[in-house]
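Trainee: There's a structure below that I have some questions on.
The values are calculated or read from the model by the stated rules, or taken from the named source; none is laboratory data. Here the structure is a predicted model, which is why all the values come from computation and not from measurement. Using ideal geometry, Cβ is built from the backbone for each residue, glycine included, and neighbour counts are taken over all protein chains shown. All accessible areas refer to the heavy atoms of the entire protein, side chains included, with ligands and DNA or RNA removed. Shrake-Rupley method; radii C 1.70, N 1.55, O 1.52, S 1.80 Å.
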Amino acid sequence: MKVLWVNSNFMHPTTKGGQIRTLEMLRHLHRRHEIHYVSIANPAQPEGPARAHEYSTRSYPFPYRIPEKTSPAFWGQLARGLFSPTPVAVSRFNPPGMRAFLEDLIRQESFECAVVDHLAPTSYFPDLPHAIFFQHNVETVIWRRRAEHASGTLRRWYFSLQAARMFEYERRVSLASGHIVAVSRTDAEEMRRLFGVTCVSEIPTGVDVEYFLPPDERPAATSLESGAAGFKTSAADLVFVGSMDWLPNVDGVTYFVREILPLVRRRRPETTLAVVGRTPPAKVTQLAAGDARIRVTGTVPDIRPWLWGSAVAIVPLRIGGGTRLKIYEAMAAKIPVVSTTIGAEGLTVNPPVDIRIADTPEDFATQCLELIESREQRARIATAAWQMVSAHFSWEHVSRCFERIMIEGPRMSGPRMSERRVK
């Protein structure tokens, strides 16, 4: 099948959960289908287009520099967001000329299937009724939760404004799409309830179990990259892994350090925490100021040693949508997980057998302490979790689920572009 796949970023460097999900699926789909990948190309990250051949037959980089969140241009986008009906989370990823480029490409090529990956590309994809909209989160839910937990009257008001605009936009493009793919049953049901859509399917979340298997449990013939193999020392008692330029992660880590970690240290003062993920803002780096027991790493070449070297993985999220790949990755690395209900939302888990769930600071601290202090409990939960993900959540299985939707879903071939365009 000849497939047009449109996204707002290339897959390398791979630092986000959505990138991991798409990359692993495309690696498998590329073996059986002709994938044409179109994306914004950040001139500062040439690795992205250079490695696109790993998951696509042909790639089409569209040069555009998305303003950094610390730049004056970003503040200008926020200001325009006061008046624009399009939410800022969509409009800031809309490069001039991309829609016309896609129209020309679709005219020139005979694509059988089109996938619009994430919400932002729906703003410039010219033929949503004949496309599959791959939605990794219900953005409306995320923005409503952001508004709920925002600090300060002005931030709460702005986030509420964006949440309202996100709902109107997300509902409109969801209803316009030929088919929607959600990443969990929870998200699929939420889309039906919020937007009134009927053509929506869900796929499971996957994990590369072999990749995350600890070094001392690998077959003798299996080798590790030198960086991963050389990591011998303990990383931390508690570890949080995730992109630190994503607001739900920033909120979760800040909440944990301010409200949960003091409760843990009341009983165990020496407890250490590692926050592992790219581009942490000052709000996060300042959490480690004057506290040698907290380490904020920024970008690391390999997250696995940080999982293998820690006692417990934490997912203290209060905001979020979609599914957290970080939970299945920790399980595949054989490290027990303590999460909030929102953190584990949409995942197949069986608490307390393969994960601990806690939604108050006191309960979260208690669960962390019980696992830190009991090697036996850590081993029992980690083993149950590893058995669960290894048996049911391979990326090959996930890609086959998506492939069935591609085969049975909307087709690009048909009337001319001018007759199909969404008004």
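Trainee: Can you spot a residue in region 96-103 that is under 28 Å from R411 (Cα atoms), part of a helix (DSSP H, G or I), out of contact with any Asp or Glu (no Cβ under 9 Å at 6 or more places or on another chain) and of a type in the set (D, E)?
Mentor: Scanning region 96-103 turns up no residue that is under 28 Å from R411 (Cα atoms), part of a helix (DSSP H, G or I), out of contact with any Asp or Glu (no Cβ under 9 Å at 6 or more places or on another chain) and of a type in the set (D, E).
Trainee: What about E259, is it open to solvent by 30 Å² or more (accessible area, probe 1.4 Å), among the acidic types (D, E), at pLDDT 95 or above and outside any helix (DSSP H, G or I)?
Mentor: Against the criterion (open to solvent by 30 Å² or more (accessible area, probe 1.4 Å), among the acidic types (D, E), at pLDDT 95 or above and outside any helix (DSSP H, G or I)), E259 does not qualify.
Trainee: Among (1) charged (D, E, K, R); (2) surrounded by fewer than 19 Cβ atoms within 10 Å (Cβ to Cβ); (3) at pLDDT below 95, which single condition is R324 missing?
Mentor: (2)
Trainee: A follow-up question, please. Cβ-Cβ distance below 9 Å, separation of 6 or more or different chains: which pairs start in region 326-338 with a residue that is over 16 Å from V276 (Cβ atoms) and end on one that is of a type in the set (D, E) and open to solvent by less than 10 Å² (accessible area, probe 1.4 Å)?
Mentor: M331/D354; P336/D354
Trainee: Continuing with this model, one more query. Answer with yes or no whether S184 is open to solvent by 10 Å² or more (accessible area, probe 1.4 Å), under 24 Å from the mean Cα position of the chain (by Cα), more than 15 Å from P410 (Cβ to Cβ) and not acidic (D, E).
Mentor: no
Trainee: Would you check which residues across region 301-321 are out of contact with any His (no Cβ under 9 Å at 6 or more places or on another chain), within 20 Å of T254 (Cβ to Cβ) and part of a loop (DSSP other than H, G, I, E, B) and list them?
Mentor: Answer for region 301-321, where residues must be out of contact with any His (no Cβ under 9 Å at 6 or more places or on another chain), within 20 Å of T254 (Cβ to Cβ) and part of a loop (DSSP other than H, G, I, E, B): P316, L317, G320.
Trainee: Across region 146-175, what is the number of residues that are hydrophobic (A, V, I, L, M, F, W, C) and surrounded by fewer than 17 Cβ atoms within 10 Å (Cβ to Cβ)? Full working, then the answer.
Mentor: Taking region 146-175 first, the residues hydrophobic (A, V, I, L, M, F, W, C) are 147, 150, 154, 157, 159, 161, 163-164, 166-167, 173, 175.
Narrowing the set further to residues that are surrounded by fewer than 17 Cβ atoms within 10 Å (Cβ to Cβ) leaves 154, 157, 161, 164, 175.
The number of residues fulfilling the criteria is 5.
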